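No lab work stands behind these numbers, since they all come straight from the coordinates. No experiment lies behind these values; they were computed from the predicted model shown. All Cβ positions, glycine included, derive from the backbone under ideal geometry; neighbour counts span all protein chains shown.
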Amino acid sequence: MGLNHRELAVFLGILRHGSINSAAQTLGMTQPALSRSLKRLEARLGVPLFVRHSQGMEPTRFGEVLRAYAEQHEFETERVVEEIRLLAGAATGLVRIGVVPSAAASLLPRALGRALAVSPGIQVRVVEGLGEQMIASVTRGEVDFAVVGQPADFADTSVLVTPLGEEEVCAAARSGHPLFARSGLTVADLAAYPWILPEKGNVNRHGYRAMFQSAGLEPPKETMASNSAQALKAVVLSGDYLTMLTRSLFAMEEAQGLIRPLPLEAARWRRRLAIVRRPSGQMLPATRLLLRELIADAELST
């Protein structure tokens, strides 16, 4: 039993917009036509795909199963179209990549600039998120590859991992923080202040825990967690908070004298970056180009 491409597009439209009305406007369909398409799909599968309620529509457990297939189908269809356009000379390529925030701030701009110098027509779609999220996006086929922080115990056999160099991670605070006036700073001193950290799934949290555990201390419970580097920096600047960030993420604030790394060797470490991609599937030329420039840029930086 084959699934209709249009019906899958309708399913994804409702899933992403949460209602038939919004999906119909986005897809350029009437509400009755969209409803009929959804009913045909549900009849074909013999199961309900959405739960309807006053707030909109949510996928059932059957809908969640279909989501992965529908998104993969959408992604592969776009890749086929792009590859044919490439062969016909009608395009120079679309690259979909996932990145952790530090890579978005450092490696990506330089690599993109060099790739555009070689092939000005390439298009790049970037998804930013935590490492675990980006690896999942690679596995689902939502991105061609991802640049993530690589934990020491990384052992996911469903993806290929290529080392990409290292970057510095450190505990940091606003320049006027009382700790900068203290001599003989120790890790125990850091436990007396509130911490704000990246969300769970960020490699930097491993370094945070290791820093305190190496000193024989229990890591303090964070006051705030966020996957937004901008939010973390804004809170750090607002008071006597401490954070642990990749240094490139606050390079501008450090240059302006606003945020500084703590003068404590135990509060600094280097994390490994890696490129993660699926083991199967041929890369398009534009993807290979950007991947090559990312690797070259990382080699120059080390």
Any residue on another chain or 5+ positions along whose placed amide H is under 5 Å from the amide H of Thr60 is listed here as Phe50, Val51
Quote the relative contact order of the range 5-72 in percent (integer), defining contacts as alpha-carbon pairs under 8 Å separated by 6+ residues. 31 percent
Give the shape of the range 1-69 as rounded, prolate or oblate, defined through the alpha-carbon gyration tensor: a ≥ b ≥ c are the square roots of its eigenvalues, a/c under 1.5 means rounded, and otherwise the shape is prolate if a/b is larger than b/c and oblate if not. oblate
Whole-angstrom Cα spans of the chain along principal axes, big to small: 72, 50, 35
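Can you give the relative contact order of the chain as a percent, counting alpha carbon pairs under 8 Å and 6+ residues apart?
Details: 463 pairs, mean separation 66.6, N = 302.
So the answer I get is 22 percent.
For the range 166-272, what relative contact order do you get, as a whole percent, if you take Cα pairs closer than 8 Å and at least 6 residues apart?
Working: 171 pairs, mean separation 55.4, N = 107.
Relative contact order here is 52 percent.
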Through the Karplus equation 6.51 cos²θ - 1.76 cosθ + 1.60, θ set to phi - 60°, convert the phi angles of the range 42-55 into ³J(HN,Hα) values in whole Hz; use x for Gly and Pro. 5, 5, 5, 7, x, 9, x, 9, 9, 9, 8, 8, 5, 8
Would the range 109-241 count as rounded, prolate or oblate if I go by the C-alpha gyration tensor, calling it rounded below 1.5 in a/c and otherwise prolate when a/b exceeds b/c, oblate otherwise? prolate
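Can you check what the net charge comes to around Pro198, using other residues whose Cβ is under 15 Å from the Cβ of Pro198 (Lys, Arg +1; Asp, Glu -1)? Let's see the in-between values first.
Numbers: positive: Lys200, Arg205, Arg209, Lys221, Lys233, Arg247, Arg271; negative: Glu128, Glu132, Glu167, Glu199, Glu222.
Overall, the nearby charge balance is +2.
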Quick check on the exposure proxy: order Ile275, Ile295, Ile14 from fewest to most C-beta atoms within 10 angstrom. Ile295, Ile275, Ile14
Can you compute log10 of I(q)/I(0) for the range 191-251 with the Debye formula, treating each Cα as one identical point scatterer, at q = 0.22, 0.26, 0.29 Å⁻¹? -0.90, -1.20, -1.38
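Among 201-207, 187-193, what's the highest-first ranking by average C-beta atoms within 10 angstrom per residue?
Details: 201-207: 20.0, 187-193: 15.7.
Sorting 201-207, 187-193 by mean packing, highest first, produces 201-207, 187-193.
Report D for the range 166-272 in µm² per second (integer): Stokes-Einstein, Kirkwood Rh on Cα pairs, 37 °C, 0.692 mPa s.
Numbers: Rh = 13.6 Å.
Stokes-Einstein gives a translational diffusion coefficient of 241 µm²/s.
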Restricting the range 97-206 to chymotrypsin sites (Phe, Trp or Tyr not before Pro) in coil, as DSSP defines it, with at most 16 other Cβ within 10 Å: Phe154
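Tell me, what is the FRET efficiency for Ser119 and Glu78 to the nearest 0.05, using R0 = 25 angstrom and their Cβ-Cβ distance as r? Kindly include the intermediate steps, with their values, before the conclusion.
Numbers: r = 19 Å, r/R0 = 0.76.
The value I calculate is 0.85.
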Can you give the calculated 222 nm mean residue ellipticity of the chain, where each DSSP H run of n ≥ 4 adds -39,500 (n - 2.57) and the sum is split over every residue, rounded to the nearest 500 deg cm²/dmol? -14000 deg cm²/dmol
Cut-off 15 Å between beta-carbons: net charge of the residues surrounding Ala181, Lys and Arg +1, Asp and Glu -1: +1
